[in-house]
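Visitor: Here it is, the structure in full.
The values are calculated or read from the model by the stated rules, or taken from the named source; none is laboratory data. Not measured: the values here are computed from a predicted model. Ideal geometry is used to build each Cβ from the backbone, glycine not excepted, and the neighbour counts take in all protein chains shown.
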Amino acid sequence: MADEKEKKIVVLCDGPYRVEGDVTLTHKTQVVSEYGEPLTWRKDGEVETPGQPYYICRCGHSKKKPFCDDTHVDECFDGEETADTRPTAERQKAYPGGTGIEVRMDGHLCMDSGYCGTRLAHISKLVGETAEPVVRAQVMRMVEHCPSGALTYSLEHGGPDVEPDLPQQAALTTEITSDGPIEGPLWVMGGIPVERADGRPFETRNRVTLCTCGLSGKKPLCDGTHRAEAEKKAHGG
């Protein structure tokens, strides 16, 4: 029996993402508290794709979103990739004070999804209280819900990351804001490789968030700019 085609996502130069290898496309929505604090993700089912491979809009202007309709050509979309290609381990910094856990942060990957804090405390403070197992478990949940993988943890200083067991799939995301639901990034899970258009190597990771609004300053990664843009539109900016 022939091997299945490798699952991967290819960034096309100034164009969409080409998703290869029969990658399941799902939809996930943030679940937030009554105070607007992100708590977890709800899966809203699978999304039917037009074929294999399929193409996800990267410029943010397709009339057939999430799929590409070649609008990027008319928009003269500049999809230049400026994300750092170094391994995340070279950028990570550990939060001090952990007991039974070491939490590391890679600010370059962060897209401010909001799972790292509540109205009462940020994860950087909670790490110092992880001698209490309940707090330690809360910190682990926060890290595991971080879609970009900016946050990771290990069970000992300098130990290997403990990653959530995620299926190899991609998810369209909806974020919940004070102005209502907005489109979030493409969340790539389970170690699916992302192949850059410029041919430079990209570290394969368990959690990756890719820009789909076309405005990120670190393409192809999401940097959270879509939220500021959505807020501007909601308030007539």
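Visitor: So is residue 63 outside the structural domain of residue 180 (by TED's automatic domain parsing) and at pLDDT 95 or above or not? Can you show your working first?
Guide: Details: outside the structural domain of residue 180 (by TED's automatic domain parsing): no; at pLDDT 95 or above: yes.
When the stated conditions are applied, residue 63 does not pass them.
Visitor: Could you check residue 69 against (1) among the acidic types (Asp, Glu); (2) part of a helix (DSSP H, G or I); (3) touching a Cys at 6+ places or on another chain (Cβ under 8 Å) and say which number it fails?
Guide: So the condition that residue 69 fails would be (2).
Visitor: Quick one: count up the residues across region 31-54 that are farther than 26 Å from residue 79 by Cβ and part of a strand (DSSP E or B).
Guide: Of the residues in that region, 11 qualify.
Visitor: Out of region 114-136, which residues are out of contact with any Ser or Thr (no Cβ under 7 Å at 6 or more places or on another chain) and assigned to a loop (DSSP other than H, G, I, E, B)? Let's see the steps before the verdict.
Guide: So in region 114-136, the residues out of contact with any Ser or Thr (no Cβ under 7 Å at 6 or more places or on another chain) come out as 114-129, 132-135.
Within region 114-136, 114, 115, 116, 118, 119, 120, 121, 132 meet the criteria.
Visitor: Could you pull out the residue among 35, 55 that is touching a Lys or Arg at 6+ places or on another chain (Cβ under 6 Å), surrounded by fewer than 16 Cβ atoms within 10 Å (Cβ to Cβ) and either in contact (Cβ under 8 Å) with a residue 24 or more places away in the chain or farther than 12 Å from residue 172 by Cβ (or both)?
Guide: On the way: 55 fails: surrounded by fewer than 16 Cβ atoms within 10 Å (Cβ to Cβ).
Unique residue meeting the criteria: 35.
Visitor: If we scan region 13-27, do we find a residue that is hydroxyl-bearing (Ser, Thr, Tyr), surrounded by fewer than 17 Cβ atoms within 10 Å (Cβ to Cβ) and either over 30 Å from residue 178 (Cβ atoms) or touching a helix residue (DSSP H, G or I) at 6+ places or on another chain (Cβ under 9 Å) (or both)?
Guide: Applying the first criterion (hydroxyl-bearing (Ser, Thr, Tyr)) to region 13-27 yields 17, 24, 26.
Next cut, surrounded by fewer than 17 Cβ atoms within 10 Å (Cβ to Cβ) only: 24.
So of that shortlist, the ones also either over 30 Å from residue 178 (Cβ atoms) or touching a helix residue (DSSP H, G or I) at 6+ places or on another chain (Cβ under 9 Å) (or both) come out as 24.
Within region 13-27 (the criterion being hydroxyl-bearing (Ser, Thr, Tyr), surrounded by fewer than 17 Cβ atoms within 10 Å (Cβ to Cβ) and either over 30 Å from residue 178 (Cβ atoms) or touching a helix residue (DSSP H, G or I) at 6+ places or on another chain (Cβ under 9 Å) (or both)), the answer is yes, since at least one residue qualifies.
Visitor: Please go through region 186-206 and pick out each residue that is over 15 Å from residue 81 (Cβ atoms) and touching a helix residue (DSSP H, G or I) at 6+ places or on another chain (Cβ under 9 Å).
Guide: Once the filter is applied, which keeps residues that are over 15 Å from residue 81 (Cβ atoms) and touching a helix residue (DSSP H, G or I) at 6+ places or on another chain (Cβ under 9 Å), region 186-206 yields only 205.
Visitor: Separate question: I'm told residue 138 meets every condition in (1) in contact with a helix residue (DSSP H, G or I) (Cβ under 8 Å, 6 or more places away or on another chain); (2) surrounded by fewer than 21 Cβ atoms within 10 Å (Cβ to Cβ); (3) closer than 24 Å to residue 66 by Cα except one. Can you identify the failing condition by its number?
Guide: (3)
Visitor: Also: Check region 183-190 and report whether any residue there is aromatic (Phe, Trp, Tyr) and over 21 Å from residue 65 (Cα atoms).
Guide: No, the conditions are met nowhere in region 183-190.
Visitor: Still on this structure, please answer the following. Among strands (runs of 3 or more DSSP E) lying entirely in region 146-237, which contain 1 or more residues that are of a type in the set (Lys, Arg)? Break it down into steps so the answer makes sense when it comes.
Guide: Numbers: elements: 151-154, 169-177, 180-189, 207-210.
Where strands (runs of 3 or more DSSP E) fall fully within region 146-237 and carry at least 1 residues being of a type in the set (Lys, Arg), they are 207-210.
Visitor: Return yes or no: is residue 88 touching a His at 6+ places or on another chain (Cβ under 6 Å), closer than 24 Å to residue 226 by Cα and among the hydroxyl-bearing types (Ser, Thr, Tyr)? Even if it seems obvious, please write down each step before you answer.
Guide: Numbers: touching a His at 6+ places or on another chain (Cβ under 6 Å): no; closer than 24 Å to residue 226 by Cα: yes; among the hydroxyl-bearing types (Ser, Thr, Tyr): yes.
No.
Visitor: Can you find, within region 105-135, the residue that is surrounded by the fewest Cβ atoms within 10 Å (Cβ to Cβ) among those that are touching a residue at least 40 places away in the same chain (Cβ under 8 Å) and hydrophobic (A, V, I, L, M, F, W, C)?
Guide: Applying the filter and picking the extreme gives 110.
Visitor: Residues to consider are 224, 184, 236, 217; find the one that is out of contact with any Ser or Thr (no Cβ under 9 Å at 6 or more places or on another chain) and either of a type outside the set (Ser, Thr, Tyr) or surrounded by fewer than 16 Cβ atoms within 10 Å (Cβ to Cβ) (or both).
Guide: 236
Visitor: Moving to a separate point now. Quick check on my filter: what residues within region 72-101 are among the basic types (Lys, Arg) and outside any strand (DSSP E or B)?
Guide: Start the filter on region 72-101 by keeping residues that are among the basic types (Lys, Arg), which leaves 86, 91, 93.
The answer is 86, 91.
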